[in-house]
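Here is the structure we will look at.
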Amino acid sequence: MMRGSLCAIMVLVGTSILTAADDKPQLTGVGGAAGIGQYPPNQWATAGATVSNPTDKPVELLVNFRFDQTPSLEFATRVWVPPGCRRAIWLPIHTYWYKVDEGRPPRIGLRQQLIDDTGSPPAVLSEQDGLLIAARDRIITGMLTDSDETDDEAINAVLAARRAQDLSKRLAYLNDTALPPFFSALQGLDGLVISKQTPVVDAAQLEALRQWVLAGGKLWIMLDQVDASFAEALLGDAWTIQVIDQVNLTNVQFAGAGPAAFTIAIADDLSITLDGKPVVKLTRGQKNVAAGLDKLDKQIQNRLKSKNEPDERRAHVTISGGVDGNIVQEFIRTVRDATATGIGTDADPIINRQHEKPVACVRVLAPGFETVHSVNGWPVAMQKPVGKGSVMVTTLGPRGWMEPVLVLATRPDGSIERDEKGETRYAFGHYAHRPLEDLSVWLHREREADPLPPRQFTNYLAEQVGYEIVGRGTVMVVLTLLCLAILLNGMWLARRGKLENLAIFAVGAAIVMSVAMVVIGTRARTAVPATLAEAQFVQVAPDQQYAIVSGMFTVYNPGAGSSAIEGENAKLQGDAFGLVLPMNL
């Protein structure tokens, strides 16, 4: 059985001419972190290294990675570097298990070595120590965008979606050069949002992203910001959306199930009306707003005393463009709670949000996609399963899904920040409307477990590879011959009056028969050549020219011990994990 891990790949990221000369090849720069930049437990991830060759001859060296916590587990690859050049590589590595702690993440130490293994013994030319970023969230959301600025509307929409699920505001930011060229490096992501207009990626990066989706990833494409040609190149035949045009909306009203029984409106001056009749005018201040909304709640309850069916309790809410986001949040919450009492979420209000600055909306036709939300009769959120994964496409600008609000400032451990006087600090954030909450539930849902994990093949493969032990018949023949030889020799010695010599003969005969058994057993063991057995679980992706394949293989090495990795025939042994590279066979 396999007792380690074997993984080797080299990905060329860049080659440049060295400007400074040294006497030998070495690791340069700050290496280690690469790919999504976060390292969740027991997952494939990516490590990076840069090798410089200041000599006037090309070199082929070994780059080795290992974690401080698991020094016996190593990941290595060979790298060829031209003379006078510097080369950057990426390598898949598999993290060990640790407990995810948002407040106190563990320190992941990573050591990398540059080894010249042409001589005996191999020589370590250079080594570096570094720290990787341990995952602090059980659900990691990545984002392929043009920037990581806090005023980016697309980023704020994703952060609002995470906040709606009580998740942190941490994202794994990716760009064109940081997008890994192999899908195993993306396994740490639970979801990925693309808001970059036209990502400049090569064929390997595009294929890696496609395989990640097929293997169970959740991909959110913001089509109001992403070129449809990129989505078509990524998803191939699964992309059936046709762009009609783009319009700017000053009123955004998501379609609701069933008619509205009554209307509630809040104007720029914070005056609230119920079916056109004044109810209350809110004044600034937390206590004043709360008191005014309590009065609105009572008015709604009186209005609904005779309404018991969900459709009879549904409110149509109109919010003017100048109303502050925090007030909008509390206002909608009050209406929702009042109308949903005893009925459930079916009584969610139909919201017509007016915007002072128009919101972009791409109008599309989406055959083959399930419409999740629509505005003015046009789909703005569409979902489609692709392989084991899922793709969500939105066409409404981010401001149509959320409200800017002030939120409590929190530390990484979840505690509330306070100033020198002990007063609560606030930070800029966004409140997700119910449609964005629905998208958030989809995006941050944990992945389903594999129906047939690779480790379940262990017993099956163990039965496929090996040799037969010496049979009972052979053992009985050997023992019978031993007993017969002792009997005959005893009879012969008794006739000659030298029976006392039988003990010496019996010991010698036993030794001879033992040697014979060892020889027979060794021949039976070596009769089977070095053998590899493989079992795969193949899931064909519907409407795709792809299949998701997982499995396990085991290697029988005659002459190798069960626990030692030694000898010519024992170079492949392990039982932990592995990665078949290259991916496209």
Quiz prompt | Label-point gap, in nm, between residue 232 and residue 420 - each point 7 angstrom along Cα→Cβ | solution = 6.1
Quiz item: So who's got an amide H within less than 5 Å of the one on residue 32, skipping anything under 5 residues away but keeping other chains? H placed 1.01 Å off N, in plane.
Solution: 48, 49
Quiz item: Where does the charge balance sit around residue 203 when Lys and Arg score +1, Asp and Glu -1, over other residues with C-beta under 14 Å from its C-beta?
Solution: -2
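Test of the criteria: in segment 437-524, which GluC sites (Glu not before Pro) are in a DSSP loop and have at most 13 other Cβ atoms within 10 angstrom of their Cβ?
446, 448, 468
With r defined as the distance between the Cβ atoms of residue 273 and residue 371 and R0 fixed at 25 Å, what FRET efficiency is calculated, to the nearest 0.05? Could the numbers behind the result be given before it?
Working: r = 32 Å, r/R0 = 1.29.
Plugging the Cβ-Cβ distance into 1/(1 + (r/R0)^6) gives 0.20.
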Quiz item: If r is the Cβ-Cβ distance from residue 60 to residue 530 and R0 is 25 Å, what FRET efficiency results, to the nearest 0.05?
Solution: 0.40
Quiz prompt | Descending principal axes extents, segment 120-217, alpha-carbon based, whole Å | solution = 59, 31, 27
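Starting from the Kirkwood Rh over alpha-carbon pairs, what translational D in µm² s⁻¹ does segment 11-132 have by Stokes-Einstein at 20 °C and 1.002 mPa s? If you can, show how the numbers build up before the last one.
Details: Rh = 15.1 Å.
After rounding, the answer is 142 µm²/s.
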Practice problem: Given a cut-off of 29 Å, name the pairs among 169/281; 169/218; 169/388; 281/421; 218/357 whose C-alpha atoms lie farther apart than that in the structure shown. | Solution: 169/281; 281/421; 218/357
Quiz item: Can you list the GluC sites (Glu not before Pro) in segment 97-153 that are in a DSSP coil and have 10 or fewer other beta carbons within 10 angstrom?
Solution: 149
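At a Förster radius of 35 Å, what calculated FRET efficiency corresponds to the Cβ-Cβ distance of residue 102 and residue 251, to the nearest 0.05?
Working: r = 40 Å, r/R0 = 1.14.
Working from the Cβ atoms, E equals 0.30.
Throughout, read-outs are computed from the coordinates displayed, never taken from laboratory work. Bear in mind that the values here come from a model prediction, so they are computed numbers and not experimental data. For neighbour counting, all protein chains shown are included, and Cβ atoms are generated from backbone atoms with ideal geometry for every residue, glycine included.
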